[in-house]
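Notes follow the structure.
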Amino acid sequence: MRQNDVGGTETLVPHVIASPLFLPPPPYPYSAPILPLPQTEIKSALRPIGSSRRPRSEKKPIPEEQKDERYYERRKRNNQAAKKSRDARRMREDQIALRASMLEHENAVLRAQVLTLREESQSLRQLLLQQKKSTDTNLDLCSI
């Protein structure tokens, strides 16, 4: 790392020859910028599950004489809202699973890259040592 003109630091990345192994990963369809959450959402996200909820009351069947048109309309709306919520949860879970799969693939590619670069570095070091030994031997012969 080194200091840049703006006062931050930047990481120096070695130049790598483009090959199928070293191509950058494709952009993720679900990598939208993360926006700050409102305080209420942060507090509810940090609260342990079930800590402030009241226990569910026992379900009591509604007598037939109280089931009017308004009741059935409310039930219909509630069922639609529950279905919408379940579908949204499934979609979020699918997106998370897809992102996890993509990250695992990217991780495997990066690990292979690291292995290849380590092997290349090792072979270059050995080559450099051989070159140095050869130069040292030539200098010794010249001094005789």
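The values are calculated or read from the model by the stated rules, or taken from the named source; none is laboratory data. Keep in mind that this is a model prediction, so the values were computed, not measured. Reconstructed Cβ throughout: ideal geometry from the backbone, glycine too, with neighbour counts over all protein chains shown.
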Q.
Quick test of your reading of the structure: Ser134 fulfils all but one of (1) over 29 Å from the mean Cα position of the chain (by Cα); (2) of a type in the set (Ser, Thr, Tyr); (3) modelled with pLDDT of 95 or more. Name the failing condition by number.
A. (3)
Q | Conditions (1) at pLDDT 85 or above; (2) outside any helix (DSSP H, G or I); number of the one not met by Ala82 | A | (2)
Q. Here are Leu103, Leu128: which of them is surrounded by 11 or more Cβ atoms within 10 Å (Cβ to Cβ), in a helix (DSSP H, G or I) and hydrophobic (A, V, I, L, M, F, W, C)?
A. Leu103
